[in-house]
1. Once you list every other residue whose beta carbon is under 14 Å from the beta carbon of LEU28, what net charge do they have if Lys and Arg are +1 and Asp and Glu are -1?
2. Enter the accessible area per residue of the chain (Å², integer; probe 1.4 Å; all protein chains in place).
3. Quick check on segment 18-59: take the gyration tensor over C-alpha atoms, sort the square-rooted eigenvalues as a ≥ b ≥ c, and tell me if it's rounded (a/c under 1.5), prolate or oblate.
4. Once you list every other residue whose beta carbon is under 11 Å from the beta carbon of VAL94, what net charge do they have if Lys and Arg are +1 and Asp and Glu are -1?
5. Put +1 on the Cβ of every Lys and Arg and -1 on every Asp and Glu Cβ in the chain; which of PRO69, ALA49, TRP81 then has its Cα farthest towards the positive end of the dipole?
6. Using θ = phi - 60° and the Karplus relation 6.51 cos²θ - 1.76 cosθ + 1.60, list the HN-Hα couplings for segment 28-35 in order, rounded to whole Hz, with x at every Gly or Pro.
7. To the nearest 20 debye, what charge dipole does the chain have about its Cα centre, counting +1 at the Cβ of each Lys and Arg and -1 at the Cβ of each Asp and Glu?
8. Roughly how many percent of the accessible protein surface of segment 29-89 is carbon and sulfur, given a 1.4 Å probe and a whole-percent answer?
Amino acid sequence: PPPVWACRGQIPQDVVRQSIGRNGPAVLRCYDQRAVQAPGLRGTLLVRARVSATGAVDAVYVGGIEDPPLVSCVGNAAITWRFPPPSGGGCAVVEAPFALAPH
């Protein structure tokens with residue numbers, strides 16, 4: 001199960017979408033690299049990130065597809081993502097689903 005982080009901060013959804021959109025290609029690169037070795041790999045990958053008061057991602061959960069190399073690659077990419085500092089206190093939690101299938 002995904003972790004539960006007690007965060008009260010907020011980042012507007014449109015800003016989250018923009019930030020994740022800029023970083024989405026990294027998720028697709030991880031998938032494309034992994035799909036070469038696991039051609040039937042598909043599904044929806046959930047990336048949940050805890051964003052610190054500075055806007056840096058300080059914790060990541062990746063789930064939805066049981067493929068350790070893919071999960072590891074996406075987690076390593078997501079920990080480098082940046083968001084605007086959350087308003088309303090401390091940290092914020094953002095989530096992004098990625099529907100992955102061969103293209």
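1. After counting each charged neighbour, the total is +3.
2. Solvent-accessible surface per residue comes out at 56 Å².
3. Verdict is prolate for segment 18-59.
4. +2
5. The residue sitting farthest along the positive end of the dipole is TRP81.
6. Listing the rounded values in order: 5, 4, 4, 5, 4, 5, 6, 5 Hz.
7. So the dipole magnitude of the chain works out to roughly 160 debye.
8. 54 percent
The values are calculated or read from the model by the stated rules, or taken from the named source; none is laboratory data. Remember, it's a predicted structure, so these values are computed and weren't measured experimentally. Backbone-built Cβ (ideal geometry, glycine too); neighbour counts: all protein chains shown. Note: areas computed on protein heavy atoms with side chains; ligands, DNA, RNA excluded. Shrake-Rupley method; radii C 1.70, N 1.55, O 1.52, S 1.80 Å.
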